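Asks: I have a structure here, written as structure tokens, and I will follow up with some questions on it.
The values are calculated or read from the model by the stated rules, or taken from the named source; none is laboratory data. This one's a predicted model, so the numbers in the text were calculated from it and none came from an experiment. FYI the Cβ positions are ideal-geometry reconstructions off the backbone, even for glycines, and counts take in every protein chain you see.
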Amino acid sequence: MSVETALPAPAPSDFIRDIVAAHVAEKRYPKIVTRFPPEPNGYLHIGHAKSICLNFGIARENNGQCNLRMDDTNPAKEEVEYVDSIVADVQWLIAGWADHCLAFKARGAAPARTAVNGQPDYFLAPLAPGANSEPFSASSYFDQLYEYALVLINRGKAYVCDLSPEDTDKYRGAPDQPGRDSPFRNRTIAENLDLFQRMKAGEFPNGARSLRAKIDMAAPNVWLRDPLLYRIRHASHHHTGDKWCIYPLYDYAHCLSDYLEGVTHSICTLEFVDHRPLYDWILENIGLPRPLPHQYEFAKLIPNYCIVSKRKLIQMVNEKVVTGWDDPRMPTISGIRRRGIPASAVRRFVTGVGVTKFVSVTDFALFEHAIRDELNTAAQRRLAVLRPVKLVLTNLPAGEVSACQATNNPQDENPTTRTIALTREVFIESDDFAEVPPPKYFRLKPGGEVRLKYACIIRCDEIVKDAAGIVTELRCTADLSTRAGQPNSAKKVKGTIHWVSAANCLDAEVRLYDRLFDVPEPDADGKFLEHVNPKSLEVVAAKLEVSLASARSDERFQFERLGYFALDAKDSLPGRPVFNRTISLKDTWEK
RNA sequence: UGCCCGAUGGUGUAAUGGUAGCACAAACGACUCUGACUCGUUUUGUCUAGGUUCGAGUCCUAGUCGGGCAGCCA
């Protein structure tokens with residue numbers, strides 16, 4: 001069964017797509033190439049999904065390509081575990097939609113492009129990164145990046161600076177105050193070349209020297225005040241091992257990585273607006289041939305009722321507020337996937353919010369709507385009772401099984417059915433009976449009638465309670481003439497409830513998830529941990545219709561009248577299924 | 001207060017000088033063997049002040065408010 005549905009009809013348009021369209025019209029580039037460049041220092045989350053769908057979306061709409069690139073220039077923070085999760089998450093998110101635009105490169109290879117020129121030369125491997133391919137990575141360009149640094153030095157555009165990190169800071173000045181030139185700013189090219197090569201050779205300790213761009217210490221834009229290009233880090237890199245002890249910084253590595261890959265539109269979030277002049281400066285001052293890549297910025301996705309700060313997500317994992325990065329309550333892609341949310345719903349949500357430069361908070365209800373809408377068409381209906389109460393149909397003989405036809409999905413054009421068993425004893429939802437019903441209660445009450453979905457109308461004759469006064473059993477009469485195909489099948493009653501045969505059912509653990517935080521802006525007061533929703537997870541021992549015994553984790557179900565559920569791929573055991581509630585059905589009836 | 005970015009209903013967006021529209025949310029109603037879905041109705045909006053124009057959400061000026069930037073993080 002597929003959970004994919006088509007994207008909403010109108011093709012998305014936004015200011016970035018307009019720019020791309022104009023470039024396509026004027027044939028500025030031979031091919032549109034974008035990239036998604038996460039740093040592998042954590043798991044991808046819903047915010048990244050917006051960037052992924054933007055970059056891959058633009059690629060797919062323009063017959064272009066989108067490179068998955070690890071922005072791995074800081075060995076201190078990055079790990080292989082994160083690389084692997086990022087690859088898996090991206091592939092899951094775009095599968096069947098834009099995976100034909102996803103480019104990997106030949107394992108171990110770097111582009112053949114040089115300071116002189118040349119076309120990017122890499123192996124495109126759509127889909128699975130196998131033995132022969134891997135994601136792009138900034139670290140695979142370290143050799144070229146070093147060569148380009150030599151070009152900059154030779155052109156008098158970069159110098160080795162001996163200022164300590166603290167002094168570098170002092171010399172930089174303040175936003176409203178110009179900085180001062182480093183005393184090492186006017187070293188000769190020969191001296192710079194020598195020192196930079198010795199930095200690379202490992203002659204100096206961390207922080208002793210750095211390579212800096214020679215721009216303008218009085219620039220109003222602080223990022224132009226001789227920004228650092230390389231720092232010394234005697235550290236092992238998850239990808240390059242111990243080959244390097246100098247590592248390029250983001251601003252230097254990113255524009256050049258884009259250039260090396262033939263990226264045309266480098267799309268990032270708003271906090272990099274101030275860096276754009278530096279992006280351009282580096283490419284221009286190395287003297288690279290046009291057309292050059294350009295940077296465009298958009299406002300990132302900020303959903304309410306969520307935390308997406310990487311640091312805080314790590315904190316929640318470490319402090320065991322959640323069970324891990326893939327806890328179904330987490331806003332991570334892996335959590336979303338485990339929760340049972342279809343990739344198509346994520347895509348629809350993040351493309352639906354649009355792309356602007358306006359910093360806004362997106363209502364989580366928009367996401368919930370996309371999830372329900374995708375699942376409504378995709379999910380197979382099943383009957384399940386979360387909080388069972390026994391109900392005895394006193395006029396049915398014990399041991400008799402009568403078959404009922406249940407609709408698998410009423411949204412289908414030609415819905416199929418399956419057979420479920422009605423027996424003398426069934427379970428119903430404890431919520432669906434009230435001894436003292438509130439006003440407008442459509443469900444079962446003493447002496448009242450209700451329909452058992454797909455079966456017949458029943459009347460409640462008797463309530464059995466235990467010593468504590470808890471209802472333990474409901475004794476009812478079934479009106480078999482109201483079954484499908486029987487004379488009174490059209491009889492109307494106000495309420496229809498779900499049920500499961502007691503003699504013929506499957507026991508399962510069901511995890512009822514809700515929003516992780518119970519306030520819209522959990523970290524508004526800096527105390528997000530105090531706003532964790534105590535009801536974000538409730539575990540119940542449920543009774544399921546037996547057909548669910550063969551459920552697979554890639555299938556989506558609606559437990560009728562309850563919500564959408566999926567088998568937990570991680571914790572389910574043979575004969576001991578665990579189902580996660582992806583999301584409840586919309587409930588417009590409040591108690 | 002240096003530089004940069006932004007401002008359209010409760011929320012997210014569209015309108016590219018010409019009827020302020022869509023989705024979500026909310027409310028009410030219809031339908032219903034899911035209090036779901038679907039359908040119908042309704043409520044709510046161009047930050048302020050000037051200017052250009054036959055006409056301004058859109059262009060100009062000033063202001064207000066919000067956000068970003070001073071890592072050898074990305």
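Asks: I'd like to verify a number: residues in the stretch A:290-321 that are within 16 Å of RNA strand B (Cβ to nearest atom), part of a helix (DSSP H, G or I) and touching a helix residue (DSSP H, G or I) at 6+ places or on another chain (Cβ under 9 Å), how many?
Replies: 2
Asks: Exactly one of (1) surrounded by 14 or more Cβ atoms within 10 Å (Cβ to Cβ); (2) near RNA strand B (Cβ under 10 Å from one of its atoms) is unmet by A:His238. Its number?
Replies: Checking A:His238 against (1) surrounded by 14 or more Cβ atoms within 10 Å (Cβ to Cβ); (2) near RNA strand B (Cβ under 10 Å from one of its atoms), the one that fails is (2).
Asks: While we're looking at this one, here's another question. In the stretch A:158-176, which residues are over 41 Å from the mean Cα position of the chain (by Cα) and over 15 Å from A:Ser210 (Cβ atoms)?
Replies: Correct list: empty.
Asks: While we're here: Quick check: is even one residue across the stretch A:244-257 more than 14 Å from RNA strand B (Cβ to nearest atom) and either within 29 Å of A:Glu81 (Cβ to Cβ) or not in a loop (DSSP other than H, G, I, E, B) (or both)?
Replies: No.
Asks: Run A:Glu560 past the list (1) of a type in the set (Asp, Glu); (2) more than 22 Å from A:Arg337 (Cβ to Cβ); (3) more than 16 Å from RNA strand B (Cβ to nearest atom) and report the number of the one that doesn't hold.
Replies: Tallying (1) of a type in the set (Asp, Glu); (2) more than 22 Å from A:Arg337 (Cβ to Cβ); (3) more than 16 Å from RNA strand B (Cβ to nearest atom), A:Glu560 fails exactly one: (3).
Asks: Now for a separate question. Scan (1) out of contact with any strand residue (DSSP E or B) (no Cβ under 6 Å at 6 or more places or on another chain); (2) surrounded by fewer than 22 Cβ atoms within 10 Å (Cβ to Cβ); (3) modelled with pLDDT of 95 or more for the single condition A:Gly399 breaks and write down its number.
Replies: (3)
Asks: Since A:Gly324 meets every condition but one in (1) touching a residue at least 24 places away in the same chain (Cβ under 8 Å); (2) in a loop (DSSP other than H, G, I, E, B), which condition does it not meet?
Replies: (1)
Asks: For the stretch A:112-209, list the helices (runs of 4 or more DSSP H) that sit wholly inside it and hold at least 1 residues that are more than 16 Å from RNA strand B (Cβ to nearest atom) and at pLDDT 95 or above; which are they?
Replies: Counting at least 1 such residues, we get A:142-154, A:189-201.
Asks: Given the conditions (1) touching a residue at least 60 places away in the same chain (Cβ under 8 Å); (2) surrounded by fewer than 21 Cβ atoms within 10 Å (Cβ to Cβ); (3) closer than 26 Å to A:Arg581 by Cβ; (4) away from RNA strand B (no atom under 15 Å from the Cβ), and given that A:Leu391 satisfies all but one, which numbered condition is not satisfied?
Replies: (2)
Asks: With a cut-off of at least 3 residues that are near RNA strand B (Cβ under 10 Å from one of its atoms), name the strands (runs of 3 or more DSSP E) lying wholly within the stretch A:440-510.
Replies: A:449-452
Asks: Follow-up question, since we're still on this one. Looking at this structure, is A:Thr419 among the polar types (S, T, N, Q) and within 23 Å of A:Ala541 (Cα to Cα)?
Replies: no
Asks: Find all pairs meeting these conditions: Cβ atoms under 7 angstrom apart; at least six residues apart or on different chains; first residue within the stretch A:343-356 and closer than 19 Å to A:Phe15 by Cα; second residue outside any helix (DSSP H, G or I) and polar (S, T, N, Q).
Replies: Correct list of pairs: A:Val353/A:Thr362.
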